[in-house]
Structure formats: C-alpha cells, structure tokens
Amino acid sequence: MLRGKIIKELGARCEICGVAGRRIDVASPLALGMRYSKPKLANSDLAGRSMEPSNATIAAEGKTKTVVVLIHGIRTQAWWQKSVAPIIEKKTGATVIPLKYGYFDLVRFWCPFGLCRNPPIERLRKQIEGIREQFKDYRLVVFAHSYGTYALSRILLENPYFTFHRIILCGSIVPEDFDWRRVDNQILSANKRDGIINECGLKDVWPVIARSISWGYGASGTYGFGSFNVRDRFHAITHSAFFEPSFVNKYWVSAVAGEAIEFSPTDRSRETSPARFALFRIPLRWFLTGVVALVVVGVPIAAILAILQSNFLALQQKGPQTISTTGSQSPIVKDSHGDVRIDYNSSAERRK
C-alpha cells in the first residue's frame, strides 16, 4: 500500500511538471528527490590519458576550435604545406594556415648577423600576431620545419605574450641546449612534456651540418634535446620524410586533435644515426669564414694588383722617352719607370 501511495503521489507531481506518462523508478535518485552526480574516476583511470580535449570533442561541444600553423624551412617554396594541410583539415576539422617568408638562400642561412636572419623572422612574427588577433578563442597548434624551428624559437623568446597549445618541431636546428623553461608559461597544454614534440630523423644530416657550418644552430632535429619538458620522438627517416601522408596520418593528426603522444617504433629500438655524421662535429664554420674573407678581401686586392701590373708592362713596352727642352744642350729623358733624368752622354755626343 505504501508503494502504491508513493507512485500515485509521484504521478500527480509529474503531471504538474509536464512529464506525465513517464515511468519513474521509485528507487532512482530523481524519484527520491536527490541530486544526481556523475561518479568520479580514480587516478588510475586517468593514467595515460591526455587532459587536453580532442578536436572532435571540442567541435561536438561547440567550444574553442583549432588553428594549425605551418612554417617551412630554407631553399624551398614549401611544397609540403599543400599536401599536409588537406589531410589535417579533413581528419580534424581544424583550420590550417600555411605561412611563408619567401625563398631563404644558403648564404643568408650561413650568415650569423641579424641583417641576414631577422627579416624572415620578423615577417613570421607579424603573421602569427595577426592569426592570434583574428582567432582569439581558438587553440593554436604550430608545425615548424628546419629553419622555421629556429625562427619559432626566436619568436617565442622575443614575444612572451605569444602562446600555443602545442608545438611540433621536425628537422629542428634549434640548439640542443636551448632552455625551454624560459617559454614554459607560453605552452598552454596541460601536460607540458606533450606540449612540445620534437620529431627527430635519425637519418637527417642537415641539422648536423647546420650546427657545423654556422653559429646559433644545433642538431636537435637529429639527436634530440634530451630535456624534461620536450618530448623527443625518433624516426629512421631523412629531412623531408615527415611530410609523407602516412607519417602525417599516423602521428600528426592525433597531435592536432590533442591526444596523448605515443612512442614510435624507432623509440623502442636501438637504432642510431649513421657513424659518418660524426664527421660534421668538426666546426667547419671557421674554414668557411676564411674562404668568405678571402673572396671578399682578396678579390679586390687581386684586381688592384692586376691593374698596376698592366700599367707597368705598358710603360716597359714604350721604353725611354726623350723630352726636348728649348735652349738646353742636355735633353731630359724619362725612363721605363717613369723617372725623369738628364742624359749627359747624349749631350756630349752632340758637342762633338
């Protein structure tokens, strides 16, 4: 009888609330007038899960979306951006923005002075600033390759108000001793170690060469940073193999979506870089500096010496020249060196 009264009373209440006709279990929290709360997950349930929401979850909930920025390297028109962008946009729904700073030649890459390196960095800075202003409420993920990694590291240091949710480096030439703690507060990922991913190519020789031939660069794209706040992930590939569709689908789509970073098969192996890479531990920058100095200084000096020599030969071919003087018994002679003297022998012969 008591159960029947409770059901009858609940039915009357349901009619008042406009939910008549629904079957309510008297043992449910709603029937008993209690608030329902979701069960809390234990810490063990969260282990291995990324605290950053995936792009699919973000899109479903109508919250902040994602913008992906692509930054290229030197001596290229960034062909890879056209192939990578469609894959990421299709798989994640993110807005992909390829950035370019023009063709950057090897001479300016080698030159250690700001006059050579700063223009492309400043151009990138302005473009990233524009993206931040236009997409204020978006997650910002950036991919940088080769010289683009160096430019990005400079931009982070010089613009502490620039923030990113994730940074993915590949073919990096950022010095291995770069202090990522200086930009730690600019990485918004909950898991800081997964906030910066450094994709390393064990067969990528160009970061090693960059470190050897100039100043300010490093081989972090080959050997990694070995830092507590950067995830080095190794692959047995070369400098531009990161842009293969298979690689993008396997590693970068999930990175954009905010998922946890997985180890690569190379990470689990004992594979290392070729032994010949050790040859570039020699600082070739000093040899190249000597060659450049020889060209810059030696060529003008050689040109001046050549001009002087040609003038000297011309004078030798002409021989001594006699300069006649009015009323003088002793002619004035100019020799092959251009010196003027009096020819007394010629004067004596005339007197005879």
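Things to note:
- Accessible surface ranking that places the most exposed of 315, 202 first, with a 1.4 angstrom probe: 315, 202
- The candidates 126, 136, arranged from most to least accessible area with a 1.4 Å probe in the full protein assembly, appear as 136, 126.
- Nearest-10 value in Å² for the accessible area of residue 228, using the 1.4 Å probe: 140 Å²
- Carbon plus sulfur fraction of accessible area for the stretch 139-245, probe 1.4 Å, in percent: 55 percent
- Rounded accessible area of residue 132 (nearest 10 Å², 1.4 Å probe): 70 Å²
- Euclidean distance of C-alpha centroids, the stretch 129-146 and the stretch 234-291, integer Å: 24 Å
- Pairwise FRET efficiency - residue 79 versus residue 108, Cβ, R0 = 22 Å, nearest 0.05: 0.60
- Candidate residues 95, 66: accessible-area rank, largest first, probe 1.4 Å: 95, 66
- Using a probe of 1.4 Å, the accessible surface attributed to residue 307 totals some 100 Å² when neighbouring protein chains are kept in position.
The values are calculated or read from the model by the stated rules, or taken from the named source; none is laboratory data. Quick caveat: nothing in here was measured; it's all calculated off a predicted structure. Every residue, glycine among them, receives a Cβ derived from its backbone with ideal geometry; neighbour counts consider all protein chains shown. Note: accessible area is taken over every heavy atom of the protein model, side chains too, but ligands, DNA and RNA are not part of it. Shrake-Rupley method; radii C 1.70, N 1.55, O 1.52, S 1.80 Å.
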